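Working notes, structure below.
The values are calculated or read from the model by the stated rules, or taken from the named source; none is laboratory data. These figures come from a predicted structure and were not determined experimentally. Positions of Cβ are generated from backbone atoms using ideal geometry, with glycine treated the same way; all protein chains shown enter the neighbour counts.
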Amino acid sequence: MKLRSFLKLTLAAAAALAFTTGATAQTAPYKSEYKMSLVVGTAFPWGKGGQIWADLVRERTQGRINIKLFPGVSLIQGDQTREFSALRQGVIDMAVGSTINWSPQVKELNLFSLPFLMPDYAAIDALTQGPVGKQMFVTLDKAGVVPLAWGENGYRELTNSKRPVRTPEDLKGLKIRVVGSPLFLDTFTALGANPTQMTWADAQPAFASGAVDGQENPMSIFTAAKLHNVGQKNVTMWGYVADPLVFVVNKEIWASWTPADQKIVREAAIEAGKQEIAIARKGLDEPGQPLLKDIAALGVSIVQLTPAERDAFVKATRPVYDKWKKTVGVELVTQAEKSIAARKK
Ligand code: X2X
């Protein structure tokens, strides 16, 4: 260490000591409770993942780190696209958050929302578990949070109350609720739909009243939120994007924990993430997709696109992909394309 920085550190430590009585200068005292933000609660795979993380941490730290779940992004009044800023500012201590909701602040996260980038689950894994995932964690760290593990919301399928959708023409004029990044507005505009941005909290009454016709979300969200009861009777399985979840902690909170507790929290996040991904894929990544049979039994019509039908959606959204490739970062997207091409199926 250079003498100057050594002196600076010594001075800083002395100043800190002068202002603290008893407590050590470098670690703040533990809080009696830590606030974890989530968009949805424990009826959903996402909320279950948060619960598993909190339970493992409480158990393994003998209650030193006690985490309370705040679903509905209630710490920021449901405004999910502000979650990342609130995390950075310390309004939220930790979160399991969707890449979509954080992409307004971290433009690289739009990668996962590039239409038709990831053709299957192996492609998602090739990104999150490969060089792209590593790079994304460096980016998140630079953006001001401590990223620990990946989870998954899931493949976002198209639903609406009006008619079966098999072609981009079928989407014409449908009012579709979207969330998060302007990328979603571009995608649905390119498809001829009429996209409108709103929070998840506002979306559900909008389906019920018919103020909007459709939406896109994973089928695990569809079933847990019972979207068939608010008119969403048509599903198109098009797998156009999937949103991973990220387990993160606010930087100051992280720094306040001992290295041993940090290790516990990190390992618990990785375990919870793995379990959560399995829960999120249940009924969808096995032969016959049994979850879809359950949904059809609710009186929902499910369209499975042929490869040629799917291609029409890929073509129509290609200009959006090309435009947003530049925003996300050409290098990162190219790496993602390479990782996907090389994936084990
Ligand atoms: O708002 C949504 O659509 C949701 C629940 O999937 C997210 O938070 C991204």
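A compact table of results
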quantity	calculated
Tally, over segment 85-99, of residues that are within 16 Å of the ligand (Cβ to nearest atom) and either assigned to a helix (DSSP H, G or I) or of a type in the set (Ser, Thr, Tyr) (or both)	5
Yes/no for Ile176 being surrounded by 18 or more Cβ atoms within 10 Å (Cβ to Cβ) and outside any strand (DSSP E or B)	no
Residue among Leu127, Leu111, Leu158 that alone is within 16 Å of the ligand (Cβ to nearest atom), modelled with pLDDT of 95 or more, assigned to a helix (DSSP H, G or I) and not β-branched (Val, Ile, Thr)	Leu111
Which numbered condition Leu158 fails, given (1) surrounded by 24 or more Cβ atoms within 10 Å (Cβ to Cβ); (2) under 22 Å from Val265 (Cβ atoms)	(2)
Unique match (being away from the ligand (no atom under 16 Å from the Cβ), surrounded by fewer than 21 Cβ atoms within 10 Å (Cβ to Cβ) and in a helix (DSSP H, G or I)) among Gln51, Gln62	Gln51
Members of segment 154-186 that are farther than 18 Å from Phe207 by Cα and hydroxyl-bearing (Ser, Thr, Tyr)	Tyr155, Thr167, Ser181
Trp102 crowded, with 21+ Cβ neighbours inside 10 Å, within 11 Å of the ligand (Cβ to nearest atom) and more than 18 Å from Arg318 (Cα to Cα)	yes
Residue satisfying all of: in segment 28-40; touching a strand residue (DSSP E or B) at 6+ places or on another chain (Cβ under 7 Å) and not β-branched (Val, Ile, Thr); farthest from Ala86 (Cα to Cα) among these	Glu33
Number of the exception - Arg82 against (1) of a type in the set (Lys, Arg); (2) more than 16 Å from the ligand (Cβ to nearest atom); (3) buried (at least 16 other Cβ atoms within 10 Å of the Cβ)	(2)
Condition check for Val179: within 16 Å of the ligand (Cβ to nearest atom) and modelled with pLDDT under 95	yes
Unmet requirement for Lys233, which otherwise passes all of (1) within 26 Å of Ala297 (Cα to Cα); (2) within 16 Å of the ligand (Cβ to nearest atom); (3) touching a residue at least 60 places away in the same chain (Cβ under 8 Å)	(2)
Number of the condition not met by Pro119 [criteria: (1) over 17 Å from the mean Cα position of the chain (by Cα); (2) under 18 Å from Gln215 (Cβ atoms)]	(2)
Conditions (1) farther than 23 Å from Thr189 by Cα; (2) surrounded by fewer than 21 Cβ atoms within 10 Å (Cβ to Cβ); (3) away from the ligand (no atom under 16 Å from the Cβ): number failed by Val145	(2)
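Yes or no, residue by residue, for (1) of a type outside the set (A, V, I, L, M, F, W, C); (2) in contact with a strand residue (DSSP E or B) (Cβ under 8 Å, 6 or more places away or on another chain):
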residue	(1), (2)
Met198	no, yes
Asp202	yes, no
Phe207	no, yes
Gly214	yes, yes
Asn217	yes, yes
Ser220	yes, yes
Asn229	yes, no
Asn234	yes, yes
Gly239	yes, yes
